[in-house]
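What follows is a short report on a single structure.
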Amino acid sequence: MAAIDCGTNSIRLLVADLPDPSAGPTAPLVDLSRRMEIVRLGQGVDKTGRLAPEAIERTRVALADYAAEIEKFGAERVRMCATSATRDAANAGDFRAMVEQTLGVTPEVLTGDEEARLSFTGAVRGLPADAKPPYLVVDIGGGSTEFVVGTREGGVQAAVSMDIGCVRMTERHLHGDPPSLDETAAAQADIAVAVDRALAAVPGREAATLVGLAGSVTTVVAIAQGLQEYDPERIHHARVSYEQVADVTADLLAKTCEERLAIPVMHKGRADVIGAGALVLRVIMERAGMSSVIASEHDILDGIAWSLAETSG
């Protein structure tokens, strides 16, 4: 199976086999290839309402590479899901035509609710035993953040998507390098309003464990751990405290983009927006009253792949 997740900031590929049935109900997929490219598809969407032609072209180049990878492994089923940027864009048809020509499948533009449910499915499978349910799973993307509450056995109880992502918040508020205190305060206020609405809707404050997904969270956790290189195995299911998240956030917001690029675990395409992503995580922890967060490298991409497994019977 091949799953592609095309978000506001990055496009990612997972080619995987199903686990052996004897491995049990919580066994993860067997990864054959897991890749990520930052293409910034959502560049300027919050302001213009349109996908920039150069952003579509960057995405096409990455997608052509992924198509070759899918063919190499001989994936039998392919599903591509596009998220926040293509929900918002007036010229989404241009993007869809490009995908059909490059990949040979039609991209599915997910609703926020679908996005949240797939993220939850990918994230909770295989969580460690000390992660007590119910879970609040937050997927901090480029354009939006999904909030999902549920349990492994009962599935999703409630889900909501809010338009607070690291790219959107950076473009809307954090213009300085580094951002000014006033810019940071404005971003924090904007995020807090959205987070409070989300936590009331899902209901997030009743959850026992916070699980954080996507590049903003895994990067913050990698920095908090003091890693000298990005190591998915050490990041996956690592638990860090609110104090660590707050310290990393303050440090990132005080640095210039060039200084952030010098951080060993920083992806070059994330350095300009990581401050906003960290701020979203910190505000969620504050408003939800969470003392720690568990990072998961398994997320919507795994959920998309599992959905293909279900349809294959």
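Worth a mention:
- Scan of segment 4-39 for residues that are part of a loop (DSSP other than H, G, I, E, B), of a type outside the set (A, V, I, L, M, F, W, C) and surrounded by fewer than 23 Cβ atoms within 10 Å (Cβ to Cβ), ordered by number: Pro19, Asp20, Gly24, Pro25, Thr26, Pro28
- The condition (being open to solvent by 40 Å² or more (accessible area, probe 1.4 Å) and either touching a His at 6+ places or on another chain (Cβ under 9 Å) or at pLDDT below 90 (or both)) is satisfied by just one residue among Asp94, Asp113: Asp113.
- Hey, Leu103 in contact with a strand residue (DSSP E or B) (Cβ under 8 Å, 6 or more places away or on another chain) and closer than 21 Å to Met162 by Cβ or not: no
- Pick from segment 182-231, criterion in a helix (DSSP H, G or I) and among the acidic types (Asp, Glu), ranking: surrounded by the fewest Cβ atoms within 10 Å (Cβ to Cβ): Asp182
- Some residue of segment 118-131 being among the β-branched types (Val, Ile, Thr), outside any loop (DSSP other than H, G, I, E, B) and closer than 19 Å to Ala62 by Cβ: no
- Hey, Asp130 open to solvent by 60 Å² or more (accessible area, probe 1.4 Å) and within 29 Å of Gln43 (Cα to Cα) or not: no
- Neighbours by Cβ (under 7 Å, 6+ apart or cross-chain): first from segment 155-168, closer than 20 Å to Ala271 by Cα and open to solvent by 20 Å² or more (accessible area, probe 1.4 Å); second in a helix (DSSP H, G or I) and of a type in the set (Val, Ile, Thr): none
- Tallying residues that are touching a residue at least 24 places away in the same chain (Cβ under 8 Å) and outside any loop (DSSP other than H, G, I, E, B) within segment 170-181 yields 3.
- Every residue from segment 44-58 that is part of a loop (DSSP other than H, G, I, E, B) and in contact (Cβ under 8 Å) with a residue 60 or more places away in the chain: Gly44
- Whichever residue in segment 262-308 is out of contact with any helix residue (DSSP H, G or I) (no Cβ under 7 Å at 6 or more places or on another chain) and open to solvent by less than 10 Å² (accessible area, probe 1.4 Å) and, among such residues, is farthest from Ala187 (Cα to Cα): Ala305
- For segment 133-147, a residue qualifies if it is touching a Lys or Arg at 6+ places or on another chain (Cβ under 7 Å) and either surrounded by fewer than 24 Cβ atoms within 10 Å (Cβ to Cβ) or over 23 Å from Ala55 (Cα atoms) (or both), and exactly one does: Pro133.
- Qualifying residue in segment 89-101 (condition: under 20 Å from the mean Cα position of the chain (by Cα), in contact (Cβ under 8 Å) with a residue 40 or more places away in the chain and either farther than 19 Å from Glu297 by Cα or assigned to a helix (DSSP H, G or I) (or both)): yes
- Of all the numbered requirements in (1) touching a residue at least 60 places away in the same chain (Cβ under 8 Å); (2) touching a helix residue (DSSP H, G or I) at 6+ places or on another chain (Cβ under 6 Å); (3) open to solvent by less than 80 Å² (accessible area, probe 1.4 Å), Ala67 misses one, and that requirement is (1).
- Residue that is most open to solvent (accessible area, probe 1.4 Å), among those in segment 70-88 that are touching a strand residue (DSSP E or B) at 6+ places or on another chain (Cβ under 9 Å) and assigned to a helix (DSSP H, G or I): Lys72
- The numbered conditions (1) touching a residue at least 40 places away in the same chain (Cβ under 8 Å); (2) part of a helix (DSSP H, G or I); (3) charged (D, E, K, R) are all true for Glu243 except (1).
The values are calculated or read from the model by the stated rules, or taken from the named source; none is laboratory data. Computed from a predicted structure; not experimentally measured. Positions of Cβ are generated from backbone atoms using ideal geometry, with glycine treated the same way; all protein chains shown enter the neighbour counts. Surface accessibility is based on the protein's heavy atoms, side chains included, excluding ligands, DNA and RNA. Shrake-Rupley method; radii C 1.70, N 1.55, O 1.52, S 1.80 Å.
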